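Peer 1: Starting off with a structure, shown below.
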Amino acid sequence: MRKTRLTKLLGIEYPIIQGGMAWVAEYHLAAAVSNAGGLGLIGAASAPPETVREQIRRCRELTDKPFGVNVMLLNPNAEEVAGIVVEEGVKVVTTGAGNPGKFMRLWKENGVKVIPVVASVAMAKMMERAGADAVVAEGMESGGHIGSITTMALVPQVVDAVAIPVIAAGGIGDGRGLAAAMMLGAEGVQMGTRFVVAKESIVHPNYKERLLRASDIDSEVTGMSTGHPVRSLRNKMTKEYLRLEKEGADFEELERLTLGSLRNAVIDGDVVNGTVMAGQIAGMVKKELSCGEIIREIMEQAEGLLGCTQ
Ligand code: TUI
């Protein structure tokens, strides 16, 4: 079970990818996941392009294993980041929150493996036609920006629709989730929330603590009315946002409430007014472990369930 087309494609030991989470997925976390045998990702999000270059270089100082960069396509600087990834010799790119079609040729010509995150069968097929090496099929159980279909329903439909490897994401936090994803036809998983609470994760202790005491029903989806729904843990900010949305507030007013709010939560630890992005498995995360411990625990549990050792 350890070896799938995905582990071969990426040259990694275990079929586990860390989500490219904005602010959270910086080089310490990415290097730790890669050193533990998964694929670590630096989340470029909305960081200045030169910061992304710096992050890539620092990551390389901490690991000689493969790691990748997630390019968030709503970022106005996405094009510059796309070029930096190539200049710095990064071997794997994942993309989120849009269609990476216009960067595909640049990346493929430079030997970069491209793994778009998709939230529908149509997008998965389009990405395969455009030359993607694999896709992450991300269900709406995920934290952050989400689509509208669940992982359980999305993954098998994407598996049936494309020939490239499919990585399941959304609602996966332990070995049971990995085993279930394999049963749905996935060849790996991407996990975000579980790694937010890793020892190597630099997020503010308040953020980790909020996540550790979260229950299964503690997340809310804001931004349905803006076309950019985001899942985060319920707090003063989400309550205010949902109240404004119900009253029909305009985009600018809602934007004002969330401007810089993820940074405020992740870096400054404001888990009351900030955005505490997390997926629905938050209630399952009960301990802060190292990335190595997390990956070992998940692999042992999944292999036990699937009855294999290879
Ligand atoms: O991208 C994510 N998760 C994210 S991005 C992010 S930063 C952000 N913050 C506030 C508002 C918006 C973004 C936080 N979390 N996951 C991957 C993902 N991609 N989920 C859904 C999609 C997606 C959605 C539409 C992919 C493609 C797509 O296509 C639309 C199109 O362009 O046709």
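Peer 1: State all residues of the range 86-122 that are in a helix (DSSP H, G or I) and not charged (D, E, K, R); if no residue qualifies, say none.
Peer 2: Scanning the range 86-122 gives 86, 101, 103, 104, 106, 107, 121, 122.
Peer 1: Can you confirm whether the range 99-113 contains a residue that is touching a Phe, Trp or Tyr at 6+ places or on another chain (Cβ under 7 Å), more than 9 Å from the ligand (Cβ to nearest atom) and free of Cβ contacts under 8 Å to residues at least 24 places away in the same chain?
Peer 2: Step one: filter the range 99-113 for residues touching a Phe, Trp or Tyr at 6+ places or on another chain (Cβ under 7 Å), giving none.
Checked the range 99-113: no residue is touching a Phe, Trp or Tyr at 6+ places or on another chain (Cβ under 7 Å), more than 9 Å from the ligand (Cβ to nearest atom) and free of Cβ contacts under 8 Å to residues at least 24 places away in the same chain.
Peer 1: Need the failing condition index for residue 46 against (1) at pLDDT 95 or above; (2) assigned to a loop (DSSP other than H, G, I, E, B); (3) within 16 Å of the ligand (Cβ to nearest atom), just the number.
Peer 2: (1)
Peer 1: How many of the residues making up the range 231-249 are open to solvent by 20 Å² or more (accessible area, probe 1.4 Å) and closer than 19 Å to residue 173 by Cβ?
Peer 2: Qualifying residue count, the range 231-249: 1.
Peer 1: State the number of residues belonging to the range 49-85 that are open to solvent by 10 Å² or more (accessible area, probe 1.4 Å), closer than 20 Å to residue 17 by Cβ, not in a loop (DSSP other than H, G, I, E, B) and not charged (D, E, K, R).
Peer 2: 5
Peer 1: Next question. Taking strands (runs of 3 or more DSSP E) that do not extend beyond the range 126-244, which have at least 1 residues that are assigned by TED's automatic domain parsing to the domain that holds residue 38? It would help to see each step written out before you state the result.
Peer 2: On the way: elements: 135-138, 166-169, 188-191, 219-222, 230-233.
Of the strands (runs of 3 or more DSSP E) lying wholly inside the range 126-244, those with at least 1 residues that are assigned by TED's automatic domain parsing to the domain that holds residue 38 span 135-138, 166-169, 188-191.
Peer 1: Quick check on the range 1-43: of everything there that is of a type in the set (S, T, N, Q) and at pLDDT 95 or above, which residue is nearest to residue 134 (Cα to Cα)?
Peer 2: 7
Peer 1: Do we have residue 88 as open to solvent by 50 Å² or more (accessible area, probe 1.4 Å) and not assigned by TED's automatic domain parsing to the domain that holds residue 260 here? Lay out the reasoning, then the answer.
Peer 2: On the way: open to solvent by 50 Å² or more (accessible area, probe 1.4 Å): no; not assigned by TED's automatic domain parsing to the domain that holds residue 260: yes.
No, not satisfied.
Peer 1: Could you tell me whether residue 148 is open to solvent by 30 Å² or more (accessible area, probe 1.4 Å), more than 18 Å from the chain's Cα centre (by Cα) and modelled with pLDDT of 95 or more?
Peer 2: Values: open to solvent by 30 Å² or more (accessible area, probe 1.4 Å): yes; more than 18 Å from the chain's Cα centre (by Cα): no; modelled with pLDDT of 95 or more: yes.
Judged against the criteria, residue 148 is not a match.
Peer 1: Filter the range 250-270 down to residues that are in contact (Cβ under 8 Å) with a residue 24 or more places away in the chain and assigned to a loop (DSSP other than H, G, I, E, B) and give me whichever is most open to solvent (accessible area, probe 1.4 Å).
Peer 2: This residue is 268.
The values are calculated or read from the model by the stated rules, or taken from the named source; none is laboratory data. Just so it is clear, the model here is predicted, and its values are computed rather than measured. Note that we place each Cβ from the backbone using ideal geometry, even for glycine, and neighbour counts take in every protein chain shown. Heads up: the accessible areas ignore ligands, DNA and RNA and are worked out on the full protein's heavy atoms, side chains in. Shrake-Rupley method; radii C 1.70, N 1.55, O 1.52, S 1.80 Å.
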